[in-house]
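We did not get these values from a lab; they are worked out from the coordinates using the rules stated. Please read all numbers here as calculations on a predicted model, not as lab measurements. Glycine also receives a Cβ, built like all others from the backbone with ideal geometry; neighbour counts cover every protein chain displayed.
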Amino acid sequence: MTKTPGEKPPTAGEGKTSVEPSTPEAMPPTAGPRDAAGLADAVAALEKRLAETRTRLDELDADVERQRREKRELDIEIAIRKGTLELLGKEPGAVPEKPGQPREGRPRQTDQ
């Protein structure tokens, strides 16, 4: 390569302004049908993976909703039990044979 005085050496990427799309039509003329088939296979594999990921996401969303529903049910059950204990006048640690009385040696709890 002969260099003229004042000429800049060529640099990689100089003069390129955009990225060419990687579609079969944009492939260089030396690319054969095997390269296009490879791209088609890669696209198909990515689409399959995307579908699997979406399916998994849907399963996880359903699982989250199920867990939320179960939590609400358990919260309701706990509230019912607390209300029942309050109506019976029992406190945690109360002696079952003596309803409405706290366990011996322990002061009665009061709501403030």
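Between LYS90 and residues 5 or more places away or on another chain, which pairs have amide H atoms under 5 Å apart, with H built 1.01 Å from N, and which residues are they?
Long-range HN contacts for LYS90: GLY100.
So how strong a dipole does segment 40-91 carry about its Cα centre when Lys and Arg Cβ are +1 and Asp and Glu Cβ are -1, to the nearest 20 debye?
Approximately 160 debye in magnitude.
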